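Just so you know, all these numbers are worked out from the coordinates, no wet-lab data involved. If you're wondering where the values come from, they're calculated on a predicted model, not measured in any experiment. Using ideal geometry, Cβ is built from the backbone for each residue, glycine included, and neighbour counts are taken over all protein chains shown.
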Amino acid sequence: MALWDRIRESATQMQSQLEARKNDLRSGAFRDASMAMCALVAAADGVADPSERQRVAQLIATNDILRNFPADDLRRRFEENLDRLAADFAFGRVSVLQEVAKARKKPVEARAVIQIGIIIGGADGDFDRDEQAVVREACFALGLPPHEFDL
């Protein structure tokens, strides 16, 4: 099976798992952590280009899990995290990873945050090394083993 097919299949499975846990994913910690994760993946190479912003906007608009929260609020949080990364990527990354870590106390939320990162990373058909690296870092921030997600 080609790498892209594996990524697409994995993302589809993860989306199904998220939908099954929709009612467990309503906390502010999950909201904050998921938008921080989206920002990390979008700016994984140091810059969030318009297509990456568009992928996150589409996820916010169409993802059943994220519909638990007002779309404008999610977009604002995503943009605030991107601003931190754009101002100083190294320092901003530390701050954004702290936002991701908010979901650490609830394993269901922590796994869902990582799954959202993988879904965003694979949305363009190329879950590249930079994106994989930031999702792996987020695993450590959440106390999850990266190999659980094939990272």
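What does the highest-first list of 112-119, 134-141, 34-41, 77-84 look like by mean Cβ count within 10 Å? Don't skip to the answer; put the middle values down first.
Numbers: 112-119: 26.2, 134-141: 21.2, 34-41: 30.2, 77-84: 19.2.
Top to bottom by mean Cβ count within 10 Å: 34-41, 112-119, 134-141, 77-84.
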>> With an 8 Å Cα cut-off and a minimum separation of 6 or more residues, compute the relative contact order for segment 18-92 in percent.
In response: 39
> Where in segment 112-127 does the label zone of D73 land, with the point 7 angstrom along Cα→C-beta and an amide N cut-off under 19 Å?
Replying inline: 113
> Once fully extended, how much extra length lies between Q98 and E80, figured as 0.36 nm per residue of separation less the alpha-carbon to alpha-carbon distance?
Replying inline: 5.1 nm
> At a Förster distance of 22 Å, what's the computed FRET efficiency of A133 paired with S27, Cβ-Cβ distance as r, to 0.05?
Replying inline: 0.25
